[in-house]
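The values are calculated or read from the model by the stated rules, or taken from the named source; none is laboratory data. This structure is a prediction, so every number in the text was calculated from the model and none was measured. Cβ atoms come from the backbone with ideal geometry, glycine included; neighbour counts cover every protein chain shown. Side chains included, ligands, DNA and RNA excluded: accessible areas come from the protein's heavy atoms. Shrake-Rupley method; radii C 1.70, N 1.55, O 1.52, S 1.80 Å.
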Amino acid sequence: MTEIYEACTHEWGALVHGGMETMWLLDESAHAIVNGLWLSSLLCSHAACERHLAGLLLFHEESLPPRWRQWGLGTLLDAAKDRDMLPDDLHEPLSSLNEARKVSAHFKPPLHNGSLFSRAMDSGHPDAYAATEGIAEADAFSAYATARALVHRARVR
């Protein structure tokens, strides 16, 4: 995590834009992966991204609507992109992370497009139930990599 702290160091000091909670969430996401807790990792990565983007946008608070602090990842992502805070190659992975989290954390019917089981059925795997584990694992690893890349590379502009 040293490189993340270095990326958040400025001439006036160090600031992890989403606070120490961002770092804890990234650590928890990594621990969840090690323990095979795919959904926990996904949720922690998602929360770390929300906190980091909100922390960056805090520098532009005067240009944001009054209730901006209640925005979810999708709206935070759009606002950060509009302010050129994100490398172009992070927008799609962040959008994918947000969609994966939505179908996991908000009720959607079991066969909703994007649900684990729906994706497993679409994969062509002969045992869709068994395939969900691999899809959830891939989502967790992707979400963690995306969250780390965001904290490493997104900047206040």
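Summary table
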item	result
Ala120 vs. criteria in contact with a Ser or Thr (Cβ under 7 Å, 6 or more places away or on another chain), among the aliphatic types (A, V, I, L, M) and within 16 Å of Arg153 (Cβ to Cβ)	no
Odd one out for Leu73 among (1) in contact with a helix residue (DSSP H, G or I) (Cβ under 9 Å, 6 or more places away or on another chain); (2) open to solvent by 90 Å² or more (accessible area, probe 1.4 Å); (3) within 23 Å of Ala145 (Cβ to Cβ)	(2)
Yes/no for Asp84 being touching a residue at least 60 places away in the same chain (Cβ under 8 Å) and loosely packed, with under 14 Cβ neighbours inside 10 Å	yes
Residue check, Ala79 touching a Ser or Thr at 6+ places or on another chain (Cβ under 8 Å), open to solvent by less than 30 Å² (accessible area, probe 1.4 Å) and under 24 Å from Ser29 (Cβ atoms)	no
Answer residue from the stretch 102-157, given it is among the hydroxyl-bearing types (Ser, Thr, Tyr) and closer than 29 Å to Met85 by Cα and is most open to solvent (accessible area, probe 1.4 Å) among those	Ser142
Contacts under 8 angstrom Cβ, first residue in the stretch 119-135 being on the phi > 0 side of the Ramachandran plot, partner open to solvent by 70 Å² or more (accessible area, probe 1.4 Å), 6 or more apart	none
Set Glu21, Glu61, Glu28: member being assigned to a helix (DSSP H, G or I), open to solvent by 60 Å² or more (accessible area, probe 1.4 Å) and modelled with pLDDT of 95 or more	Glu28
First in the stretch 48-59 and more than 12 Å from Gly74 (Cα to Cα), second anywhere and assigned to a helix (DSSP H, G or I) and among the β-branched types (Val, Ile, Thr), Cβ under 8 Å, 6 or more apart	Ala48/Thr22; Ala48/Val151; Arg51/Thr22; His52/Thr22; His52/Val151; Gly55/Thr22
